[in-house]
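Let me begin by presenting the structure, written as structure tokens, before commenting on it.
The values are calculated or read from the model by the stated rules, or taken from the named source; none is laboratory data. These numbers come from a predicted model, not from an experiment. No Cβ is skipped: glycine too gets one built from the backbone with ideal geometry, and neighbour counts run over all protein chains shown.
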Amino acid sequence: MPTKHAPDLQAEIDHRLINGGKLVPFKEMASMLKDLGYRISTKDGCHCLNRYMTGPRAGCSYPAFNLYITEASSGLGAFNVDARRDANYEKLQEIRRNESVFSVLRGVMYKL
């Protein structure tokens, strides 16, 4: 039986799926990052209420945890000015832009 989510979160899940998003288990998302040489920082993310400010979904919000992705080797934030810019970085950016990968865990959305 599918998990029942709060209406605002379910609306965001439906919106992402309709628009090509890919819902994956959290462990799979972490594994994708590990394969590219990145990891999710457990201390630097941010629990919040994400809200659309413009466009057709302006005013819509949903509970989220905004991830902080770091290089596994150095601990630098993936988007830090001094972080590496190699093929794995480009693949990470491609996943974030084109695949729209996200997870839902304990009533909160996690996205790359």
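Give me the pairs: first residue in region 46-71 and outside any strand (DSSP E or B), second residue surrounded by 10 or more Cβ atoms within 10 Å (Cβ to Cβ) and aromatic (Phe, Trp, Tyr), beta-carbon distance under 7 Å, and six or more apart or on different chains, which are they?
Ala58/Tyr52; Gly59/Tyr52; Cys60/Tyr52; Leu67/Tyr110
For region 85-105, enumerate the residues that are within 15 Å of the chain's Cα centre (by Cα) and either of a type in the set (Ser, Thr, Tyr) or assigned to a loop (DSSP other than H, G, I, E, B) (or both).
Result: Ser100, Ser103.
Across region 1-22, which residue is nearest to Gly107 (Cα to Cα) among those that are loosely packed, with under 15 Cβ neighbours inside 10 Å and of a type in the set (A, V, I, L, M)?
The selected residue is Ala6.
For Asp82, work out the one condition from (1) charged (D, E, K, R); (2) touching a residue at least 12 places away in the same chain (Cβ under 8 Å); (3) in a loop (DSSP other than H, G, I, E, B); (4) touching a Leu at 6+ places or on another chain (Cβ under 9 Å) it doesn't fulfil.
Only one criterion in (1) charged (D, E, K, R); (2) touching a residue at least 12 places away in the same chain (Cβ under 8 Å); (3) in a loop (DSSP other than H, G, I, E, B); (4) touching a Leu at 6+ places or on another chain (Cβ under 9 Å) is unmet by Asp82, namely (2).
Within region 26-43, how many residues turn out to be within 15 Å of Tyr110 (Cα to Cα) and either in contact (Cβ under 8 Å) with a residue 40 or more places away in the chain or outside any loop (DSSP other than H, G, I, E, B) (or both)?
Number satisfying all stated conditions: 10.
Would you mention how many residues in region 57-112 are under 17 Å from Lys43 (Cβ atoms), polar (S, T, N, Q) and exposed (fewer than 14 other Cβ atoms within 10 Å of the Cβ)?
3
Do any residues in region 92-112 that are closer than 18 Å to Ala64 by Cα and of a type in the set (Lys, Arg) have Cβ atoms under 8 Å from those of residues that are part of a strand (DSSP E or B) and modelled with pLDDT of 95 or more, where the two are at least six apart or on different chains, and which pairs are they?
Lys111/Ala64; Lys111/Phe102; Lys111/Ser103
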